[in-house]
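Structure first, then comments.
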Amino acid sequence: MASVAFNEVKKDFGKTKVLHGISLDISDGEFMVLVGPSGCGKSTLLRMLAGLEDITAGSIAIDGRVVNDVESKDRDIAMVFQSYALYPHMNVRDNMGFSLRLRNEKKTLIEERVRNAARILNLESYLERYPRELSGGQRQRVAMGRAIVRDPKVFLFDEPLSNLDAKLRVAMRSEIKALHQRLKTTTVYVTHDQVEAMTMADRIAVMNDGRIEQLGEPLELYDRPANLFVAQFIGSPAMNVFAGIFRNGSVEALGARWPSAGKASENQAVKYGIRPEHLALAADGIPAVVEVVEPMGAETECLVKVHDQPLVVTTHGRIAAGPGDRVFLRPDAGHSHLFDAATGQRL
Amino acid sequence: MKKFTREAVLVLIAIPVLLWTLLPIYHIFLFSISTKDSAFSGALWPKQPTLHNFEIIARQQHFYLHHFWVQIWNSLWIAVAVGVITLAVATCAAFAISRLKVRGGRAVMNLALFTYFIPAAFLAIPMYKAMGAYGLLNSRWSLVLAMVTLAAPYAIWVLKQASDKLPFELDEAARIDGATPLQLFRLVYLPLMTPSLVAIGTYALLLAWNEYLYGYLLLSHERTITLAVALGHFIAADDSPWELLMATGLVYALPPAAIYYAFRRYMVSGLTSGAVKA
């Protein structure tokens, strides 16, 4: 177990600047998720920590030791790849024991560690099988087993669930989380899926365009997004955001007054944000027209239009309105968000 | 119906092609089981088929066959050596260029491709001069080195293409698992490349086994020449023993056929792998 510290880490590929100085401290035993759209540099950052990419500038330290010039194998890390990267010509047992075999560990110790990992991951009956004889979820578990037997200081996961179907993804999500709670190994987990990030992380670093937009606990990010990017990236369905003018403590937009908890200067151009579940359908309020109703059982997602601006409303239970019906929206002022229209920063 | 027509057309093309291929082989076979007198009789099957020709070969009982066993041993020795050395050179080159991404890899690949434009015959005289300078003329090694030179570019090219198809994450996983480049080569790369390696090894081996021109140039003593060159001597005389030439030719053709048959599974997948960008 160990802490990880990124200090002003930069990465250029030729003339393309991929990371513009990332600083991030991950504490011992923490589950840190790096999340962001593809191309934001999250995988590159992880690969730099793994020693698979050179560091252009800055430093990376594991447990206080700067590892910029330390070989991957000497960093005491284990990585789970999106493609699993299992050795096709080795069975599960050899795949998991490979790293220990390279270290010339005793056969009995390798066997013991592999058995132990297989037990944790429910792979005991598959030890003699080859990767091609396993399902996607089993392969993913073998990849994790390969990491576990190492007993590394840090686990690295690079979009490990992307190749799995939706149901399996949810199951593996809990498995990884449970594994972390059991082993308490510092974990850095990269994903583009904000649901994965929200459900698994102790803390999330939301990345965009080679920078960290916001760092914080999942609900902190959800409740108080630091800027428009985080506001729209975290949460599903995404936050409703539209432009307006701040006047007299509320926002004038789409021909209506939207109550706001945040404060801005009088007549300032702002972006008003409100999450779908904080818009209620009521008997009176801001008039809207229903476009689409998506009942999902426990809740109903409803796409409405206010002055041609599409908004999503999520309500618990079911609603009687159908497409074309007029409804009234009542925003929950306490859960509204205000952003500077020019900078996108939270007000 | 459309499918039927298409298959009918394919069959109609295949029959002449098959005959075209098989007739010479049948011809060789016919000669090799005929006596000298009946060889040119024009019959589809000899009146008295005989294995006598093969007996003469095995016992080296003819002027042209006095060194048969030595010559076939030369052929074998050279072919195996060429196969092994080409494989060693090309595998290391492909691994270094494709997996370790060494500097200048592209240049090597371009040069390898460039050598396709130079006909082997074009290099024969320079090669003869070079082997003379090394004092290797009339030694098996001269032919081995010459053939490795000719086979290596294609071998490197194909193996590099095949290597590129292995997922790079495997290398990264192995690196994180603690593998040195040599361990990566031995424990991950070689096992996964086996089909391509078998195909390329066989290619080089057969190329050397079938070689005539360079063998003829670089080897001249009766006890150093390969069987291919020795076969050429048969037709130097006015009254060539055709039945023995054909019988020897048949014997000469058997090892490649056996090798090809044994490794046919790898040949198809191996030689086409890297041929196209999948």
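Computed quantities for the displayed model
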{"quantity": "Once the Cα gyration tensor of segment B:46-106 is diagonalised, semi-axes √(5λ) in Å", "calculated": "47, 13, 7"}
{"quantity": "Segment A:200-265: projected area of the alpha-carbon convex hull, averaged over directions, in nm²", "calculated": "5.6"}
{"quantity": "Antiparallel DSSP beta bridges within the protein assembly as shown, as percent of all bridges there, nearest 5", "calculated": "75"}
{"quantity": "Neighbour-limited loop hits for trypsin sites (Lys or Arg not before Pro), segment B:129-238 (at most 16 other Cβ within 10 Å; DSSP other than H, G, I, E, B)", "calculated": "B:165, B:223"}
{"quantity": "Estimated Rh, segment B:188-262: Kirkwood, alpha-carbon pairs, angstrom", "calculated": "14.4"}
{"quantity": "Segment A:272-347: proportion of alpha-carbon pairs further apart than 13 angstrom, %", "calculated": "66"}
{"quantity": "Share of Cα-Cα pairs in chain A lying beyond 38 Å, as whole percent", "calculated": "30"}
{"quantity": "Förster-model FRET efficiency, 35 Å R0, residue A:170 and residue A:289, C-beta, rounded to 0.05", "calculated": "0.50"}
{"quantity": "Phi to ³J(HN,Hα) by Karplus 6.51 cos²θ - 1.76 cosθ + 1.60 over segment A:58-63, Hz, x for Gly, Pro", "calculated": "x, 9, 10, 10, 10, 6"}
{"quantity": "Space enclosed by the convex hull of the alpha-carbon atoms of segment B:1-125, per residue, Å³", "calculated": "258"}
{"quantity": "Rg/Rh for segment A:1-62, where both radii come from Cα atoms and Rh is the Kirkwood radius", "calculated": "0.95"}
{"quantity": "Cα centroid of segment A:76-103 to Cα centroid of segment B:186-205, whole Å", "calculated": "22"}
{"quantity": "About the Cα centre, charge dipole magnitude for segment A:225-289 (Lys/Arg +1, Asp/Glu -1 at Cβ), debye", "calculated": "120"}
{"quantity": "Pairwise FRET efficiency - residue A:343 versus residue A:267, Cβ, R0 = 22 Å, nearest 0.05", "calculated": "0.85"}
{"quantity": "Local electrostatic count, residue B:194, Cβ distance below 13 Å [Lys/Arg +1, Asp/Glu -1]", "calculated": "+2"}
{"quantity": "Rounded FRET efficiency, nearest 0.05, which uses the C-beta distance separating residue A:298 from residue A:219 and R0 of 22 Å", "calculated": "0.65"}
{"quantity": "Rounded D (µm²/s) - the protein assembly as shown, Kirkwood Rh over Cα pairs, Stokes-Einstein at 20 °C, 1.002 mPa s", "calculated": "69"}
{"quantity": "Segment residue A:17-residue A:238, extension gain: residue separation times 0.36 nm, minus the distance between their alpha carbons", "calculated": "76.7 nm"}
{"quantity": "In range of the label at residue B:139: residues from segment B:197-226 whose backbone nitrogen is under 12 Å from the point 7 Å along Cα→Cβ", "calculated": "none"}
{"quantity": "Positive-end residue, segment B:134-278 charge dipole about Cα centroid, Cβ charges, pick of B:153, B:195, B:168", "calculated": "B:168"}
{"quantity": "Kirkwood hydrodynamic radius over Cα pairs of segment A:198-347, then Stokes diffusion coefficient at 10 °C and 1.306 mPa s, in µm²/s", "calculated": "99"}
{"quantity": "Cβ-based charge dipole, segment A:267-328, positive-most Cα from A:267, A:288, A:319", "calculated": "A:267"}
{"quantity": "Residue among B:21, B:248, B:149 with the largest mean-square fluctuation in a Gaussian network model of chain B, springs linking Cα atoms under 10 Å", "calculated": "B:21"}
{"quantity": "Square roots of five times the Cα gyration tensor eigenvalues for segment A:1-118, Å", "calculated": "30, 17, 14"}
{"quantity": "Cα-projected label distance for residue B:21 with residue A:104, points at 7 Å along beta-carbon direction, nm", "calculated": "5.3"}
{"quantity": "Fewest-first sequence of A:62, A:204 by Cβ atoms within 10 Å of each Cβ", "calculated": "A:62, A:204"}
{"quantity": "For segment A:138-223: Kirkwood Rh in Å [reciprocal of mean 1/r, alpha carbons]", "calculated": "13.8"}
{"quantity": "Selected from A:172, A:200, A:296 as most flexible by GNM, with chain A as the system and alpha-carbon contacts under 10 Å", "calculated": "A:296"}
{"quantity": "Kirkwood hydrodynamic radius (C-alpha pairs) into Stokes-Einstein, segment A:95-180, 25 °C and 0.890 mPa s, D in µm²/s", "calculated": "182"}
{"quantity": "Estimated inter-spin distance, residue B:164 and residue A:7, nm [label 7 Å along Cα→Cβ]", "calculated": "4.2"}
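Coordinate-derived values only; no laboratory data. Computed from a predicted model, the values in this text were never measured in an experiment. Please note: Cβ atoms are built from the backbone with ideal geometry, for glycine as well, and neighbour counts cover all protein chains shown.
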